[in-house]
Amino acid sequence: MFNKVILAGNLARDIEVRYAGANNTAIGNTAIATNRRYKSADGEQKEEVMFIDITFFGRTAEVANQYLKKGSQVLIEGRLVLDQWTAQDGSKRSKHSVSVESMQMLGSKESSNQGGYEQPRQQQETKKEANESVPEIDIDDDEIPF
């Protein structure tokens, strides 16, 4: 089966990093905001904003935390995961989020020296072919809809 998500947007909040596990692995949590402009059936211009929780792991989390902040533009590649937990009141809860495998920092032309970062292959939870990676996309700021 195939599970791949590619999103471009702005970080909705600063990254919260914590360290867990025997190896003290960095885990960074935040959300990405994406939007879509469209015309409704009556011809009115509308905009739909979507907030998606994302999680960075390992060195990717540390790099993201160092260089990205709320509002930063980023292109991420990852996989959709279902997070499940039990709330304090005992009810079962769940939500979908994206586990980030690689990212490309986007920004203004002045900060175009920012590059991409891909999590080392041995740290990724899914096995990918060595040649497979996210293609670099040349996007002008005017082309991004947010």
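Across the alpha-carbon set of the range 1-40, the Rg to Rh ratio works out to 1.17, Rh being the Kirkwood radius. With 28 Å as the limit, the listed pairs 46/95; 39/92; 4/95; 46/70; 39/69 have 39/92; 39/69 beyond it between alpha carbons.
Restricting the range 1-99 to trypsin sites (Lys or Arg not before Pro) that sit in a DSSP loop and have at most 16 other Cβ atoms within 10 Å of their own Cβ leaves 4, 13, 69, 70. Please label the shape of the range 1-115 as rounded, prolate or oblate, based on the square roots a ≥ b ≥ c of the eigenvalues of the alpha-carbon gyration tensor (a/c under 1.5 means rounded; beyond that, a/b larger than b/c means prolate, else oblate). Oblate is the answer for the range 1-115, as a/c is 1.5 or above yet b/c matches or exceeds a/b.
A short reminder: the numbers here are calculations on the coordinates, not readings from a lab. Everything numeric here is computed off the predicted structure, so don't read it as measured data. So basically every Cβ, Gly included, is an ideal-geometry build from the backbone, and we count neighbours across all protein chains shown.
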